[in-house]
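S.K.: Supplied in structure tokens, the structure appears directly below.
Where a number appears in this text, it was derived from the coordinates with a stated rule and is not lab data. What you see is a predicted model, and the numbers here were worked out from it, not measured in a lab. Cβ: placed from backbone, ideal geometry, glycine included. Neighbour counts: every protein chain shown.
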Amino acid sequence: MWTWIVSILVFIALLGIFTLIISKVEKNARNLTYAALFAALTAIGAWIKIPLPYVPFTMQVFFAIFSGILLGSRLGLLSQLVYILIGLIGVPVFTQGGGIGYIFQPTFGYLIGFAAAAYVTGLIVERLNKNTFTTYLVAALPGIAVIYLCGVPYLYIINALYLTKAFTFKMAVYYGFSLSIIGDLVSCIILCSIAPSIVKALAASKLLKRGN
């Protein structure tokens, strides 16, 4: 019973953040399309994966960071909240399905990390305000750090305390960080290499506007 109460409270909190953020972004077709697009890309990224014990390697980190780089802090965060909320209402967009009970899946912390990372990455890009590889790398690395700072402790807490498995924090670091960080860094470097050209092309076509 208590798990349902906690799940509902978390869902309400996420919905509240979503409502707050959407009230602060310019609600036009372009912005809503971008938010929906990156929610869909993050969902697709869940199925582009390499199976690993406990935490599979997926392309979700790539798309979460990309949303922050391309859309900025608020709209990037909004796109990831759309993804999370869609999954929590039951649409099977997560790596292991969906539903409000997913909050008690060991990997749910990474999903929260995606939203936080999109915001942090986007905020740094907005502050630096330069369309360069260095700018995007400087913004993306803290974003990746945020994902793991949310994901690894959550992985440990759910496995060790909720599921009562023989699961140590050292195991959480190994399975939740060490096995996948190299892949995430490589994909991050690739992303930061192509992002300037993508941003330039979209800006030239008047399909991208910063400061949302």
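S.K.: Per the helix-only calculation at 222 nm, which mean residue ellipticity applies to the chain, given -39500 (n - 2.57) for every DSSP H run of n ≥ 4 and division by its residues, nearest 500 deg cm²/dmol?
M.R.: Rounded to the nearest 500, it is -22500 deg cm²/dmol.
S.K.: Cut-off 16 Å, label point 7 angstrom out along Cα-to-Cβ of Ser178: give me the residues of the range 139-165 whose amide nitrogen falls inside.
M.R.: Label zone hits: 152-153, 156.
S.K.: Mind telling me which of Ala13, Ala115, Ala145 comes out most flexible in a GNM of the chain, alpha-carbon contacts under 10 Å?
M.R.: Comparing Ala13, Ala115, Ala145 in a Gaussian network model of the chain, the most mobile one is Ala13.
S.K.: In what sequence do Ile65, Ile8, Ile147, Ile158 fall when counting other Cβ within 10 Å, fewest first?
M.R.: With the sparsest Cβ surroundings first, the list reads Ile8, Ile158, Ile147, Ile65.
S.K.: From the cross-link list Lys49/Lys209; Lys27/Lys206; Lys24/Lys209; Lys49/Lys200; Lys24/Lys130, which pairs have alpha carbons spaced over 26 Å apart?
M.R.: Among Lys49/Lys209; Lys27/Lys206; Lys24/Lys209; Lys49/Lys200; Lys24/Lys130, the Cα-Cα distance tops 26 Å for Lys49/Lys209; Lys49/Lys200.
S.K.: Semi-axes of the equivalent ellipsoid for the range 98-212, please: Cα gyration tensor eigenvalues, times 5, square-rooted, ordered largest first, whole Å.
M.R.: 33, 15, 11
S.K.: Going by C-beta contacts inside 10 Å, put Met171, Met59, Met1 in order with the fewest on the left.
M.R.: Met1, Met171, Met59
S.K.: What number does the chain give for Rg over Rh if you use C-alpha atoms and the Kirkwood radius?
M.R.: Using Cα coordinates only, the ratio equals 0.97.
S.K.: Over the alpha-carbon set of the range 1-114, divide Rg by the Kirkwood Rh and report the Rg/Rh ratio to two decimals.
M.R.: That ratio is 0.97, to two decimals.
S.K.: So, in Å, what gap is there between the alpha-carbon centers of the range 81-141 and the range 168-212?
M.R.: 11
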